[in-house]
Amino acid sequence: QKEVVAEALGNLLDESVEMAVAEAGGIVELCALVRAVTGTEDEKDEAVAILASLREDDSGSKVCIRKAGGLFALVTLLGDGTDEEQKHAEWALQFMCSDHSSDHSNDNDQNVVLELLVGFIDEGTAVQKAAAAEALRNLAAKCDDNQAMITDMGGTAALVKLLGPEADARQKEAAAGALRTLAHRKDAKQAMTDAGAIPALIMLVREGTPDQKEVAAGALRNMVYKNNDIEVAILRGEGVPPLVALVQEGTAGQKEAAAGALRHLAGNHGESKAVIAGAGGIVPLVALVCEGNARQKEEAVGALQQLAICHDNKAAIAQAGGIVPLVALLREGTAAQKEEAVVALATLAHGNDDNRAAIG
């Protein structure tokens, strides 16, 4: 009887009635089946399949599932369920973890959930590792508490392992995406560095799939922000040439991420300004100022401004045609672009009479 009811709820769950079912207690009953509080294995299969079929933008159902302890149940099922249950639990976790809300007030198992996911990365099957990395990536997004817990429980080191040669493409992309978010934290940066993230991310930027290259460049961008030690590590790992290549030849997302990485590299106090120029980085950055989208232009102008602090780079930027598009941004750019362009032009003019005359 319960299996029939579960199947009926599944047939009802379209956009017009999902919330009504949730308000009537249907989600609670489904979560009870998933947790094996009541029902048979067949009923559990049907219940988790229904949870996996909910619409990604249905935040109301997500709240109900959390309140009913469903997130913990799904993570547990990912580890010890049948093959069919694991598949549906993986889909349901993607649905649940696509919500970046930090409201976990009714989920007392949040810390346990994160620990289980980190555990799957260490010891799970290939599918479990990938699903866990994707869940951690989404749970970390826009939630400082989750980022802190993941870092404190050693999740960063576990994620770095998924960047290695033994990992498959899905695992690498998900792990790099999670690390890209965690890299905003100072403690996570150190843990990532200690675990060997920098050479692994540079390898992805150089040889990864298109999506892997973008997220890896983004992770390096966030890691090196105001961090001289990581700047040195990236330079030692020869990370600048593949980043310059992405600015020159990459996809839109790759260009933005790589230009941001070069900007933050050049913003530190080491040798990056000279290394980026020596790797041919000035010409593609100028081209991005001329032809890029809004975010690409902002990152490229910021990079050129930092590079222009180096005396030799002032003439190189002018020779690459960088002054004209920077002046154009003063008239036509966004507010952020205008602000960056003013600083870049002032830096180019400082101590260089030719540039001052060209700027007018």
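Local charge for Ala174 was computed over the other residues whose Cβ lies under 9 Å away, with Lys and Arg +1 and Asp and Glu -1, and equals +2. Measuring between alpha carbons in the structure, the pairs from Lys172/Lys297; Lys142/Lys314; Lys142/Lys186 lying more than 27 angstrom apart are Lys172/Lys297; Lys142/Lys314. Here r is the Cβ-Cβ distance between Ala335 and Asn111 and R0 is 45 Å; the resulting FRET efficiency, rounded to 0.05, is 0.60.
Taking the protein heavy atoms of the range 227-360 in the context of the full set of protein chains, the accessible area attributed to carbon and sulfur is 51 percent at 1.4 Å.
Sorting 140-149, 235-244, 179-188 by average packing, meaning the other beta carbons within 10 Å per residue, from highest down gives 179-188, 235-244, 140-149. Under the rule a/c < 1.5 gives rounded, and otherwise a/b versus b/c splits prolate from oblate, where does the range 176-242 land using the Cα gyration tensor? In terms of gyration-tensor shape, oblate.
The values are calculated or read from the model by the stated rules, or taken from the named source; none is laboratory data. These figures come from a predicted structure and were not determined experimentally. Cβ: placed from backbone, ideal geometry, glycine included. Neighbour counts: every protein chain shown. Accessible surface is based on the protein model in full, side chains and every heavy atom, while ligands, DNA and RNA are left aside. Shrake-Rupley method; radii C 1.70, N 1.55, O 1.52, S 1.80 Å.
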